[in-house]
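What follows draws every value from the coordinates through simple rules; no lab data is involved. Every value quoted in this text rests on a predicted model; they were computed, and no experiment measured them. Counting neighbours? That spans all protein chains shown, and the Cβs are built from the backbone with ideal geometry, glycine included.
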Amino acid sequence: GDSVTQMEGPVTLSEEAFLTINCTYTATGYPSLFWYVQYPGEGLQLLLKATKADDKGSNKGFEATYRKETTSFHLEKGSVQVSDSAVYFCALRDLGNAGNMLTFGGGTRLMVKP
Amino acid sequence: NAGVTQTPKFQVLKTGQSMTLQCAQDMNHEYMSWYRQDPGMGLRLIHYSVGAGITDQGEVPNGYNVSRSTTEDFPLRLLSAAPSQTSVYFCASSSGQVFTFGSGTRLTVV
């Protein structure tokens, strides 16, 4: 079945540091890939997505490129801020599924210190 | 512009009690689903629905029931609560690549 693996946290960085959160996936078809963010006490918000190989999703300074050859979708940001502190989830949507659902990774908590 | 509304936000149950978590969406989405979120395990799919009158099991369905009598509503029922069901529950509705999540229900079973 489908699965998503992302690096365990927490990840602790100083403000303005470079961020990478690794995400790899296993899927039988050609999935769409997503990054969701969960701020403390809130639900999940879509951060960015990519629907086919070599697509780059970007939003709020975050980027991720859909790499089919390495089955990866790593999240990057050049300069993190304290306000980026949150839990980040990598997820995939496999078009082969009967229902329209997402498969999530375990989440990575990011803590940014001033 | 409500999106997906979940109630209640917090709930404490005693072992063996039953309850229903409510989920309603106003976007006319066909697909709805329930996830539970546990530390280090991400979100896991409990049940899902592809339309009114149609439901199916996800990854972790045991101890939960769902029904979908209307497009808008997708309640999740805990039949006999157990401490292992202590979790944060999220309802989602979707259409194509667009997924909208509710704000969650934090459930504690003591």
Checklist outcome for this item: Mean other chain Cβ within 10 Å across B:94-106 is 4
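Once the Cβ-Cβ distance between B:MET27 and A:GLU76 is put in as r, and R0 is 45 Å, what FRET efficiency do you end up with, to the nearest 0.05?
Details: r = 31 Å, r/R0 = 0.70.
The value I calculate is 0.90.
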Item to check | Cα-based convex hull volume of the stretch B:10-110 per residue, rounded to whole Å³ | outcome: 91 Å³
Checklist entry - Can you list the lysines whose alpha carbon sits under 28 Å from that of B:LYS14, skipping same-chain ones fewer than 8 residues off? => result none
Item to check | Overall dimensions of chain A by Cα: Rg and Dmax, Å | outcome: 13.7, 46
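Checking the table A:LYS49/A:LYS113; A:LYS52/A:LYS113; A:LYS52/A:LYS77 against a 29 Å threshold on Cα-Cα, which pairs fail?
Working: A:LYS49/A:LYS113 27 Å; A:LYS52/A:LYS113 35 Å; A:LYS52/A:LYS77 21 Å.
The answer is A:LYS52/A:LYS113.
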Next on the checklist: Between the stretch B:40-56 and the stretch A:1-70, what is the separation of their alpha carbon centroids in Å?
Outcome noted: 22 Å
Next on the checklist: Take A:LEU95 and A:LYS68, extend 7 Å from each Cα along the Cα→Cβ direction, and tell me the distance between the two endpoints in nm.
Outcome noted: 1.1 nm
Next on the checklist: Projecting each Cα onto the charge dipole of the stretch B:6-93 (Lys/Arg +1, Asp/Glu -1 at the beta carbon, about the Cα centre), which of B:ALA81, B:THR20, B:CYS91 comes out farthest on the positive side?
Outcome noted: B:ALA81
Item to check | aspartates and glutamates with Cα under 15 Å of A:LYS68, excluding same-chain neighbours fewer than 8 positions away | outcome: A:ASP2, A:ASP54, A:ASP55, A:ASP94
